[in-house]
1. Which value, in Å², gives the accessible area per residue of segment 175-239 when a 1.4 Å probe is used on the protein heavy atoms?
2. Counting alpha carbon pairs within less than 8 Å and at least 6 residues apart, what relative contact order, in whole percent, applies to segment 175-239?
3. What whole-number distance in Å separates the alpha-carbon centres of segment 1-30 and segment 186-219?
4. Can you list the residues of segment 89-121 with backbone N under 11 Å from a point 7 Å past the Cα of Arg163, pointing along Cα to Cβ?
5. On the accessible surface of segment 175-239, probed at 1.4 Å, how many percent belong to carbon and sulfur atoms?
6. When you count, for each residue, the other Cβ atoms within 10 Å and take the mean per peptide, how do 130-136, 217-223 rank with the highest first?
7. Below 13 angstrom from the Cβ of Leu206, what's the summed charge of the other residues (Lys, Arg +1; Asp, Glu -1)?
8. Rank these by accessible area, largest first, 1.4 Å probe: Asp11, Asp113.
Amino acid sequence: MARIRVLVVDDHRIFAESLAAALAAEPDVDVSAAGSGPAALRALERAASEGRRFDVLLVDADLGTVAPDVVPGQLRGHEAPGQGEGVVDGISLVAGVRSGQPAVRTVVLAERDDPRRAAAALQAGAGGWVAKDCSLSRLLAVIRGVLRDETHLPPALLTGVLRELTAARKHRTESERLVESLTPREREVLRCMVAGLGRKAVAERLYLSPHTVRTHMQNVLGKLGVHSTLAAVALARRAGVGPVDLAGNVVERGGQLA
């Protein structure tokens with residue numbers, strides 16, 4: 001019998017342990033639990049290194065909180081003030097896992113229906129959005145379904161999620177148009193901003209003076225029609241602009257920059 005390896009990720013210990021125990025009673029399910037995003041990432045990396053990857057992650061929609069300068073898709077948590085380990089929220093964890101271990105399927109567990117967040121979860125790579133109070137049989141059906149590359153949503157959420165996805169597509173088109181108005185150098189600077197680099201770090205990376213970088217950043221904000229770095233980064237993400245590769249060169253979609 002092929003066994004399904006499941007990792008439950010929830011910072012409410014009683015819920016996580018109860019759900020793990022219920023799933024472990026199934027003859028074809030092996031289950032572990034993690035209490036935070038960073039703990040889940042460590043478990044994923046450890047399992048992968050040992051050749052026993054998890055098949056499905058069940059992720060709490062309200063897992064932790066994330067600082068505004070953390071880019072969804074980053075596999076490492078943001079170091080929060082006063083905390084010993086990084087903080088990774090549920091949607092960012094889904095995106096990071098999708099990027100780092102695409103074979104792992106993710107299902108988001110939610111306490112309430114939220115079309116906007118459900119749409120964000122699907123865009124991040126989740127295969128399902130399930131109520132925490134659903135039956136065990138329903139949850140097992142979703143787990144097995146996402147392993148067949150099915151997408152599972154509560155019927156009551158379908159209309160709202162489709163509306164959100166349509167709106168997001170419209171915003172993305174407008175955001176892409178604005179990003180295309182930037183010069184190649186301004187796009188380099190924008191990617192550095194998405195990566196969370198400050199003015200001095202951008203200057204060192206691009207071999208420019210801080211004054212020149214400041215001018216480029218002001219031009220980027222002006223052309224994008226925003227008034228802050230955070231707003232520029234949010235718009236860039238909607239347009240599909242990723243962070244600069246801090247270990248290598250700037251890479252622009254389509255190979256325009258290298």
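The values are calculated or read from the model by the stated rules, or taken from the named source; none is laboratory data. Note that the structure is predicted; figures quoted are calculated from it, not measured. No Cβ is skipped: glycine too gets one built from the backbone with ideal geometry, and neighbour counts run over all protein chains shown. With ligands, DNA and RNA removed, areas are computed over all heavy atoms of the protein, side chains included. Shrake-Rupley method; radii C 1.70, N 1.55, O 1.52, S 1.80 Å.
1. On the way: 3280 Å² over 65 residues.
Per residue, segment 175-239 has an accessible area of 50 Å².
2. Working: 53 pairs, mean separation 30.2, N = 65.
Here the relative contact order equals 46 percent.
3. Between the Cα centre of segment 1-30 and that of segment 186-219, the gap is 46 Å.
4. 115-116
5. Numbers: 1750 of 3280 Å².
Result for segment 175-239: 53 percent of the exposed heavy-atom area is carbon or sulfur.
6. On the way: 130-136: 13.9, 217-223: 16.3.
For the peptides 130-136, 217-223, the packing ranking is 217-223, 130-136.
7. On the way: positive: Arg185, Arg187, Arg191, Arg199, Lys200, Arg205, Arg214; negative: Glu186, Glu188, Glu204.
Neighbour charge sum, excluding Leu206 itself: +4.
8. From most exposed to least exposed: Asp113, Asp11.
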